[in-house]
1. Out of all the residues in region 128-150, which are crowded, with 21+ Cβ neighbours inside 10 Å, touching a strand residue (DSSP E or B) at 6+ places or on another chain (Cβ under 7 Å) and over 14 Å from residue 93 (Cβ atoms)?
2. Give the residue that is surrounded by the most Cβ atoms within 10 Å (Cβ to Cβ), with candidates limited to residues of region 13-63 that are at pLDDT 85 or above and small (Gly, Ala, Ser).
3. Filter region 155-179 down to residues that are modelled with pLDDT of 95 or more, over 16 Å from residue 52 (Cα atoms) and in contact with a helix residue (DSSP H, G or I) (Cβ under 7 Å, 6 or more places away or on another chain) and give me whichever is surrounded by the fewest Cβ atoms within 10 Å (Cβ to Cβ).
4. Assess whether residue 128 counts as being farther than 22 Å from residue 44 by Cα and free of Cβ contacts under 8 Å to residues at least 60 places away in the same chain.
5. I'd like the full set of residues that are over 20 Å from residue 31 (Cα atoms) and not β-branched (Val, Ile, Thr), limited to region 88-107.
6. What are the pairs, 6+ residues apart or on separate chains, where a residue within region 67-87 that is more than 13 Å from residue 110 (Cα to Cα) has its Cβ under 7 Å from a residue that is modelled with pLDDT of 95 or more and assigned to a helix (DSSP H, G or I)?
7. When region 184-204 is examined, which residues are found to be acidic (Asp, Glu) and without any contact (Cβ under 8 Å) to a residue 24 or more places away in the chain?
Amino acid sequence: MPKKSESVNHYFTAFPRSKAKLGIVRTYLCGRPFEFLTASGVFSKKRVDLGTRVLIESMVLPEKGYVLDIGCGYGAVGIVAASSNPNLRVVMVDVNGRAVWLAKQNIQRNSIDNAEVRRGFLYESVEDLIFNCVLSNPPVSAGIETVKAIIVEAPKHMANKARFQMVVKSKIGGKRLKMLLEKAFGNTEILARKSGYRVFISEKQ
């Protein structure tokens, strides 16, 4: 989850204004090595941020079907999900054109063949699909209305019994987002807690 001090134009924008300064992040996630191409103008360019790590390490994935990583950045969540099970089809979405380019590069860099990246605002580019799982490290600095839309609009794009999982910083909107999840899905639980973050999980009934 981004810090409040980060500018919306820094990464949650279609065309980042900063010059693209490329970098490489090498790390282990779920016990496996990954390498990500990163750049300025994309969230957490120097490392896989803690919120993303907490979501990745705790996420509950279906045995098969479609998984959505909404607001994918350079693709860490979606790529790890895809690498865990060849029976999944992972779709990663971001409004940021630079993030989309990076995520495509990282699919190739990590030899992933069951994932794709689409560019669009929230669910606009995946209207043709129904998902068995939705994962999100939301762009809080874009404003609560954007985060609310990720939650409220999710059920329309999900199959019955599909699970929605979102990581939040406990002190930044944790209670409010929990209420939104309960209203949208009729249920929510805390899947994981770590270092000031929590992962909520809700199931479409």
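The values are calculated or read from the model by the stated rules, or taken from the named source; none is laboratory data. Predicted model, so just to flag it, every value in this text is computed and none were measured. Because the Cβ atoms are built from the backbone with ideal geometry, glycine has one as well, and the counts that use them run over all protein chains shown.
1. Across region 128-150, the qualifying residue is only 132.
2. Of the residues in region 13-63, the ones at pLDDT 85 or above are 22-39, 47-63.
Next cut, small (Gly, Ala, Ser) only: 23, 31, 39, 51, 58.
Values: 23: 14, 31: 6, 39: 20, 51: 24, 58: 18.
That would be 51.
3. Among residues in region 155-179 that are modelled with pLDDT of 95 or more, over 16 Å from residue 52 (Cα atoms) and in contact with a helix residue (DSSP H, G or I) (Cβ under 7 Å, 6 or more places away or on another chain), the one surrounded by the fewest Cβ atoms within 10 Å (Cβ to Cβ) is 155.
4. Working: farther than 22 Å from residue 44 by Cα: yes; free of Cβ contacts under 8 Å to residues at least 60 places away in the same chain: yes.
In short, yes.
5. Answer for region 88-107, where residues must be over 20 Å from residue 31 (Cα atoms) and not β-branched (Val, Ile, Thr): 89, 92, 94, 96, 97, 98, 99, 101, 102, 103, 104, 105.
6. Short answer, once both residue conditions are applied: 67/81; 68/126; 69/77; 69/78; 69/81; 70/150; 72/78; 72/103.
7. Filtering region 184-204 down to residues acidic (Asp, Glu) leaves 189, 203.
Once the filter is applied, which keeps residues that are acidic (Asp, Glu) and without any contact (Cβ under 8 Å) to a residue 24 or more places away in the chain, region 184-204 yields only 189.
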